[in-house]
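Asks: Structure in structure tokens, see below.
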Amino acid sequence: MINRPFNLNFNINNLARFVLLILTSLIAVMIGFSLVIYPIPSLLLLSLILSMIGLRYKSSQKTELIEKADPYIDNFIDNYFKINSMHINETHPFSKSISSLQYLLKKKNIKLKKDLLLPLLFEKLILRFIESNLDYSFRSSIADIPEEKINSLHYIFDKLQIKVNKRELYKKAKVAYLKRREEDFNNFFLENNPSLADNPTVQEWSKAYVDTFENNTKYINFLEKLAFSKNTPLKNKELEAQIESEIEKITIKRNAIKVYQAMASQKISFSLLEIGDVDKMSSKEFERFLKLLFEKRGYNVKHIGGSGNQGADLILKKFNVKTVVQAKKYKNTLNNTAIQGVVAAKGFYNCKRMIVVTNSSFTLSAKELAKSNNIELWDRKRLKEALKYTPIYLHELD
């Protein structure tokens, strides 16, 4: 007879079932006693608990059905626009076409009633309107929807025989627009800061923000909402104060490095570069100055410049994101030419972002073209601000 060693391993599934059986039995006994001693209150409480469980189950089922239906709804809208793309001035009862969508979903074992399907289609149409007609980038300075756009959307819905009040339409579009901007920020920020995936602290959020946006505090509201959604406990204005503290630390550190270098090299001149010094530069000097500026701001910089540069003077890289920069040392106001040049350079150098930097200013037309192409513009004011937070000493340009 073979002696087998005693096996200490437990079957976890069986153990879990056993514990669940005991708990269920205890609850059943407690409910039984309650029904005997306090029958009416116990029945009411039991009914309430069962109703809540039922509602939760229904809600989860509905969410699952909507997720399954999502690609079919997108495809239905695509096909609808293909068929009716040139006939908006004619009336097209959108709701009548839904029967075919319901039939298709039913074949896929996705049973959605018309009163649930219509709001889903309504939301999808609004989202398509936002993504195709509005600048929803979180960097956009526009936080509202132009009235003429809402009027056009209301006209389209009227032709589709989708009944909606204009004011209600604006409210729903505004909510969807703001949500899309937040999503744009979240995607960009989390993509560039993968370390934030595991329960980050307030300090980690603020450091990542300053590493990404440096001294630009315009997007703190987006960050606060993102941090809150990731269950980071925030006190009033805590994140904002932490970011400002982080910016101050970096500014002091950068200044200290330059002071130390000057002490070590025993340079007599510690004069800071000012915007007036930039005005005296040649175009080549301006490019070299910007190379140093972006390097100090944590970018890996490649200086291209020269003729045949396809519209690029610098290529920046940070967080695996490539940015093309066109430098324009100029006396007059810049027109569309610089904007068109950097758009061409983006494709040629396979960059994700675009920046045009000048010591001057931009025409209104140039600003509008830049906005429509999601180009970041650095004018004289922005350049002065950059020099304030990223100081450069005159001797560093020698």
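The values are calculated or read from the model by the stated rules, or taken from the named source; none is laboratory data. Note that this is a predicted model, so its numbers are computed, not measured. So basically every Cβ, Gly included, is an ideal-geometry build from the backbone, and we count neighbours across all protein chains shown.
Asks: Quick check on the stretch 125-142: of everything there that is outside any helix (DSSP H, G or I) and among the polar types (S, T, N, Q), which residue is surrounded by the fewest Cβ atoms within 10 Å (Cβ to Cβ)?
Replies: Filtering the stretch 125-142 for residues that are outside any helix (DSSP H, G or I) and among the polar types (S, T, N, Q), the one surrounded by the fewest Cβ atoms within 10 Å (Cβ to Cβ) comes out as Ser141.
Asks: Ala241 passes all but one of (1) more than 18 Å from Ala386 (Cα to Cα); (2) small (Gly, Ala, Ser); (3) in a loop (DSSP other than H, G, I, E, B); which number fails?
Replies: Among (1) more than 18 Å from Ala386 (Cα to Cα); (2) small (Gly, Ala, Ser); (3) in a loop (DSSP other than H, G, I, E, B), the lone unmet condition for Ala241 is (3).
Asks: Can you pull out the residues in the stretch 105-115 that are surrounded by 14 or more Cβ atoms within 10 Å (Cβ to Cβ) and in a helix (DSSP H, G or I)?
Replies: Leu105
Asks: For the stretch 250-274, give me each residue that is surrounded by 12 or more Cβ atoms within 10 Å (Cβ to Cβ) and either of a type in the set (Lys, Arg) or under 33 Å from the mean Cα position of the chain (by Cα) (or both).
Replies: Correct list: Ile250, Thr251, Arg254, Asn255, Lys258, Lys267.
Asks: Go through the stretch 266-299 residue by residue and tally those that are touching a residue at least 24 places away in the same chain (Cβ under 8 Å) and assigned to a helix (DSSP H, G or I).
Replies: 15
Asks: For the structure I just gave you, tell me whether Phe189 is surrounded by fewer than 17 Cβ atoms within 10 Å (Cβ to Cβ) and either in contact with a Leu (Cβ under 6 Å, 6 or more places away or on another chain) or aromatic (Phe, Trp, Tyr) (or both).
Replies: no
Asks: Which one is surrounded by the fewest Cβ atoms within 10 Å (Cβ to Cβ) among residues in the stretch 215-249 that are among the β-branched types (Val, Ile, Thr) and free of Cβ contacts under 8 Å to residues at least 40 places away in the same chain?
Replies: Thr217
Asks: Something else: Taking the conditions exactly as written (under 16 Å from Glu131 (Cα atoms), of a type outside the set (Ser, Thr, Tyr) and either modelled with pLDDT under 90 or in contact with a Ser or Thr (Cβ under 6 Å, 6 or more places away or on another chain) (or both)), does Asp158 satisfy them or not?
Replies: In short, no.
Asks: For the stretch 275-301, what are the residues that are under 30 Å from the mean Cα position of the chain (by Cα) and farther than 23 Å from Ile257 by Cβ?
Replies: Once the filter is applied, which keeps residues that are under 30 Å from the mean Cα position of the chain (by Cα) and farther than 23 Å from Ile257 by Cβ, the stretch 275-301 yields nothing.
Asks: Could you list, in sequence order, all residues of the stretch 354-393 that are over 16 Å from Arg297 (Cβ atoms) and either part of a strand (DSSP E or B) or not assigned by TED's automatic domain parsing to the domain that holds Lys331 (or both)?
Replies: Met354, Val356, Thr358, Phe362, Leu377
Listed here are the residues, each with its yes/no results for (1) surrounded by fewer than 19 Cβ atoms within 10 Å (Cβ to Cβ); (2) under 24 Å from Leu272 (Cα atoms).
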position: Lys331; (1), (2): yes, yes
position: Val342; (1), (2): no, no
position: Tyr349; (1), (2): yes, no
position: Met354; (1), (2): no, no
position: Lys381; (1), (2): yes, yes
position: Leu387; (1), (2): yes, yes
position: Asp398; (1), (2): yes, yes
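Asks: Within the stretch 216-236, work out how many residues are farther than 17 Å from Leu196 by Cβ and at pLDDT 85 or above.
Replies: 3
Asks: Something else: Among residues belonging to the stretch 156-182 that are exposed (fewer than 13 other Cβ atoms within 10 Å of the Cβ) and without any contact (Cβ under 8 Å) to a residue 40 or more places away in the chain, point out the one that is nearest to the chain's Cα centre (by Cα).
Replies: Val175
Asks: Can you tell me which residue in the stretch 108-117 is nearest to Lys179 (Cα to Cα), limited to those that are over 28 Å from the mean Cα position of the chain (by Cα) and touching a residue at least 12 places away in the same chain (Cβ under 8 Å)?
Replies: Leu116
Asks: Another question, if that's okay. Hey, among the residues in the stretch 368-379 that are farther than 18 Å from Leu316 by Cα and buried (at least 17 other Cβ atoms within 10 Å of the Cβ), which one's modelled with the lowest pLDDT?
Replies: Among residues in the stretch 368-379 that are farther than 18 Å from Leu316 by Cα and buried (at least 17 other Cβ atoms within 10 Å of the Cβ), the one modelled with the lowest pLDDT is Lys371.
Asks: Look at Glu131 and say whether it is over 28 Å from the mean Cα position of the chain (by Cα) and either modelled with pLDDT of 80 or more or among the acidic types (Asp, Glu) (or both).
Replies: no
Asks: May I pose another question? Confirm whether Lys235 is assigned to a helix (DSSP H, G or I) and not assigned by TED's automatic domain parsing to the domain that holds Lys381.
Replies: no
Asks: Pull out all pairs, ordered by first then second residue, where Cβ-Cβ is under 9 Å, the residues are six or more apart or on different chains, the first lies in the stretch 372-398 and is at positive phi, and the second is at pLDDT 90 or above.
Replies: Cβ pairs passing all conditions: Asn374/Arg353; Asn374/Met354.
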